[in-house]
1. Would segment 267-275 turn up any residue that is in contact (Cβ under 8 Å) with a residue 40 or more places away in the chain and in a strand (DSSP E or B)?
2. Is it the case that residue 115 is within 17 Å of the chain's Cα centre (by Cα) and not assigned by TED's automatic domain parsing to the domain that holds residue 182?
3. Examine segment 154-174 for a residue that is assigned by TED's automatic domain parsing to the domain that holds residue 270 and closer than 19 Å to residue 101 by Cβ, and state whether such a residue exists.
4. Would you pick out the residues in segment 146-186 that are closer than 21 Å to residue 50 by Cβ and part of a loop (DSSP other than H, G, I, E, B)?
5. Give segment 94-136 a look and list any residue that's in contact (Cβ under 8 Å) with a residue 40 or more places away in the chain, more than 19 Å from residue 32 (Cα to Cα) and in a loop (DSSP other than H, G, I, E, B), or say none.
6. Which of the residues spanning segment 38-60 are buried (at least 17 other Cβ atoms within 10 Å of the Cβ) and assigned to a helix (DSSP H, G or I)?
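The values are calculated or read from the model by the stated rules, or taken from the named source; none is laboratory data. Owing to the predicted nature of the structure, the values given are computational and were not obtained by experimental measurement. Reconstructed Cβ throughout: ideal geometry from the backbone, glycine too, with neighbour counts over all protein chains shown.
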């Protein structure tokens with residue numbers, strides 16, 4: 001699994017001083033971590049919005065280390081974006097740091113409108129991939145095609161077009177794309193950058209070429225999956241439980257966030273990534289570390305992001 005997820009899990013880094021400039025100017029700053037810590041301690045505490053509950057533990061650890069009050073709050077997907085926008089409109093900033101996995105909203109709405117800013121720390125910039133600097137990527141969260149491996153066998157699916165057939169009707173599960181914007185982003189990116197691979201996978205499975213003159217191979221796959229009545233969950237935990245619960249005669253198959261593999265154990269869930277599935281094992285979504293414009297604690301916000309990347 002380490003080898004398989006290596007490329008999906010390539011990360012980045014970040015940090016801060018004052019919420020002044022974006023990446024280019026920030027890298028030209030004279031950065032001093034001690035000065036940042038001193039400035040952060042003079043500011044009010046901070047609140048961090050993220051789509052994962054693990055942000056609460058991260059915030060508590062930050063507080064323990066620096067003595068700066070930090071509160072982690074789980075706010076998912078579209079609800080997070082709406083909350084950030086409403087706070088900006090009301091000029092009542094509660095969320096000082098936003099770690100957003102809604103790439104479309106972050107890139108096309110929050111950043112261009114100035115609701116948030118991204119900043120890359122000069123002391124860590126050399127270790128951050130260029131495609132993760134602006135906006136700054138705090139983490140990448142892979143969702144992997146996953147199967148129930150309680151019987152010790154290999155993955156029963158070798159091609160995602162198999163999931164559109166009778167055998168997998170009502171047995172495919174994933175988070176509801178209407179509540180998880182990253183899945184819509186995935187569909188769009190797959191169509192824009194990987195539709196040729198989707199078409200090739202179709203031909204490999206069905207033994208004939210797909211006519212893409214009317215619509216893309218990706219769109220056809222999404223329509224066929226939808227028609228096969230998948231189980232759409234409100235979280236990746238729900239999908240993981242549907243797949244990995246022990247004792248099933250015909251377990252589910254689907255997409256699960258890699259973080260859910262922490263629940264795999266002899267007494268817990270039985271599931272594994274479907275290595276070798278065509279055209280890809282899943283997708284990795286970025287978590288952008290953003291700082292709210294108008295925060296009363298710009299230095300503390302940046303120090304928290306710096307801490308997250310160390």
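1. yes
2. The answer is no for residue 115.
3. Looking for residues that are assigned by TED's automatic domain parsing to the domain that holds residue 270 and closer than 19 Å to residue 101 by Cβ, one finds at least one in segment 154-174, hence yes.
4. Within segment 146-186, 176, 177, 178, 179, 180 meet the criteria.
5. 94, 95, 96, 101, 102, 111, 114, 115, 129, 134, 135 - these are the residues of segment 94-136 that are in contact (Cβ under 8 Å) with a residue 40 or more places away in the chain, more than 19 Å from residue 32 (Cα to Cα) and in a loop (DSSP other than H, G, I, E, B).
6. Correct list: 39, 40, 55, 58, 59.
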